[in-house]
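Reading through the C-alpha cells given below for one structure.
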Amino acid sequence: MPHQGPVTGNNTVSLVNGLQRRLAQSARCAIFAAMAQSLTHQQLTALAQQFGTPLYVYHAEKIKEQYEALTAAFEKCNARFFYACKALTNPNILKYVQGLGAGLDCVSINEVKLGLRAGFTPDRILYTPNCVDFAEIEEGKALGVNLNIDNISVLEQFGNKYGSSYPICIRFNPHIMGGGHYKISTGHIDSKFGISVHQMRHIERIVKTTGLHVQGIHMHTGSDIKDVNVFLAGLEVMFELAAHFPELKFIDLGSGFKVPYHEDDVRTDVAVLGAQVCAAFAQYKKEKGKDLEVWFEPGKYLVSEAGYFITKCNVIKQTTATVFVGVNSGFNHLIRPMMYEAYHRIENISNPGGAPRIYTVVGNICETDTFAWDRKLPEVREGDYLVFYNAGAYGFEMSSNFNSRLKPAEVLVKEGEAQLIRKRDEFEDLLRNVVEA
Ligand SMILES: Cc1ncc(COP(=O)(O)O)c(C=O)c1O
C-alpha cells in the first residue's frame, strides 16, 4: 500500500489511502480484517515516514486477538486474566486492555495508579510487589486492590496490623525451574520471588495467630515457558497448598506463556493447557466440593506480537570480518537482545527484494550493542528501514536515556487509524529533573 492517508486529527493518520476509502464498505472490512494478522511492510514504512524513527508501533486488534484466544482456551473454567502491565504501560494500551475486560497485574504502586487512572476498578487489579517498602503495600491496601504478599516478614507485619480485615493472596515459590532464560526464571530455589513451599508451617503459624484471611495463592515460575507440563506441575503443588487455606477463592498460576520470536519457535499451546487446567479444576471441585477460580497474568502473550520497532540504517560498516548494519537505535531502546540474548526477527522493509547478505545488526550506543548476529537480510542500504518484530513486550518499557539519547515515539494502530500515543523525547526531557547547582 503506497501510503499515506490524509491526516485526520492532530496526531492521527489514516492507514487507508484515498483509493481504498472509495472501495465498498465490505471491502473496507476486509482490509481491517487483514490488518488483524500483521502490519504490512508498506503500512510500517508509511508510519516510519509519518512519525519518524526509531518508532514503536502497536496493533490493537492483535492484542484483542490474543486476549480472545486465551479466554476461549479457558472458557470451561472460572478463569480471570490480569494483564501484566510491566510489559507495556502506555496508558492508551492500558485503556484498550481495560476495554477488553481483562484485569491488571501490577508490580509497583505506580503501575497500580496508572491502572486506576486507565479505568480498572480496584477489584480488577492485582498488586504483586517484591522487596518494596511496607508503606507501598499499605498504599495498595488503601487503594483497595488485591494484594499478593511474597515475603514471610511482610505477611507477619500485615497480619499483625490488619488481621482478617483485608483479604490477601500469598505468592509461593514452588521450586520449579521454568522460563526460557535464567534471568527470567523465577520459580527456582535461588530465586528472590515468593515464599518457599517449604515454609508452609511458618505461614500457617502466622495465619493462625493473626487471623489473616487468605483468599488466593499464587506462583509464577518464569517467562517463555513452552512446555504446558511446567504449569501443570505447578498446579499440582498449588492444589496441595490449597488444603491449608479454607477461605481460598482462587489459584493464580502467573504467566510465562511463550510466543514465537524465532521462525522455528513454538508458542505455548494455550488450547491444550486450557483443556487440562479446566479439567483439573473440575476434578478438584468434584473431590473437594470447592469451585476455585484460576487466575493468570499474561504480559508477553498479549502484547509482544502486537508490537513493531522500526529503525533506520545509519551506516553500513564493512570490517575485515563482518558487515555491520548500524541503526539509529540501540539497547537503550530495545534491551532484550543484550539482556537476555533474545532473538527478534528483523526485516528490511525498504528493500525486501534485495539480494540476501549476511549482516550483524548493531546499535549506536557506545558499548557493545548488538541486536543480531549473522542475520541473512535482503541487501541493506544506508537509509533503509529495518523492523524488529515481537517488540510490544519489554521493549519501550525497558528503554532508557543511556548515552543521553532520546526515547522513541509510540504509535497505536486501531481500527485502521494510527495515533501517536507518546511523543518522541526532546532534548529538554534530558534536563527535566535536573537541578542546576
Ligand atoms: C509475577 C509475574 N506475573 C506475570 C509476568 C508476565 O510474564 P510474561 O510476560 O511472560 O507473560 C511476570 C513477568 O515477569 C511476573 O513476574
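Assorted remarks:
- Some residue of segment 225-247 being modelled with pLDDT under 95, part of a loop (DSSP other than H, G, I, E, B) and in the same structural domain as LYS86 (by TED's automatic domain parsing): yes
- For segment 309-327, the count of residues that are in contact with a Ser or Thr (Cβ under 8 Å, 6 or more places away or on another chain) and farther than 22 Å from TYR389 by Cα is nonzero.
- Across segment 200-214, the number of residues qualifying as out of contact with any Gly (no Cβ under 9 Å at 6 or more places or on another chain), touching a residue at least 24 places away in the same chain (Cβ under 8 Å) and either part of a loop (DSSP other than H, G, I, E, B) or surrounded by fewer than 17 Cβ atoms within 10 Å (Cβ to Cβ) (or both) comes to 3.
- Test: residue in segment 201-213 that is at pLDDT 95 or above, within 16 Å of the ligand (Cβ to nearest atom) and assigned by TED's automatic domain parsing to the domain that holds GLY299: no
- Qualifying position, being of a type outside the set (Val, Ile, Thr), away from the ligand (no atom under 16 Å from the Cβ) and either touching a residue at least 60 places away in the same chain (Cβ under 8 Å) or in contact with a helix residue (DSSP H, G or I) (Cβ under 7 Å, 6 or more places away or on another chain) (or both), among LYS76, LYS86, LYS95, LYS113: LYS76
- Taking first residues from segment 246-261 that are farther than 26 Å from ALA342 by Cβ and aromatic (Phe, Trp, Tyr) and partners that are away from the ligand (no atom under 14 Å from the Cβ) and in a loop (DSSP other than H, G, I, E, B), the Cβ contacts under 9 Å between residues at least 6 apart in sequence or on separate chains come to PHE250/ASN78; PHE250/LEU292.
- Inter-residue pairs, beta-carbon under 8 Å, first outside any loop (DSSP other than H, G, I, E, B) and in segment 182-198, second basic (Lys, Arg) and within 13 Å of the ligand (Cβ to nearest atom), 6+ apart: ILE195/ARG171
- Meets criteria (within 14 Å of the ligand (Cβ to nearest atom), among the polar types (S, T, N, Q), farther than 23 Å from GLY392 by Cβ and surrounded by 14 or more Cβ atoms within 10 Å (Cβ to Cβ)) for SER196: no
- Strands (runs of 3 or more DSSP E) fully within segment 280-356 counting 2 or more residues that are free of Cβ contacts under 8 Å to residues at least 60 places away in the same chain, more than 16 Å from the ligand (Cβ to nearest atom) and in the same structural domain as ASN401 (by TED's automatic domain parsing): 307-318, 323-327, 346-348
- Complete set of residues in segment 401-437 that are touching a His at 6+ places or on another chain (Cβ under 9 Å) and either surrounded by fewer than 13 Cβ atoms within 10 Å (Cβ to Cβ) or outside any loop (DSSP other than H, G, I, E, B) (or both): LEU412, VAL413, LYS414
- Filtered by the rule that a residue be assigned to a strand (DSSP E or B) and either charged (D, E, K, R) or within 15 Å of the chain's Cα centre (by Cα) (or both), segment 72-91 gives ARG80, PHE81, PHE82, TYR83, ALA84.
The values are calculated or read from the model by the stated rules, or taken from the named source; none is laboratory data. The structure presented is a predicted model; accordingly, all values stated were derived computationally and were not measured. Because the Cβ atoms are built from the backbone with ideal geometry, glycine has one as well, and the counts that use them run over all protein chains shown.
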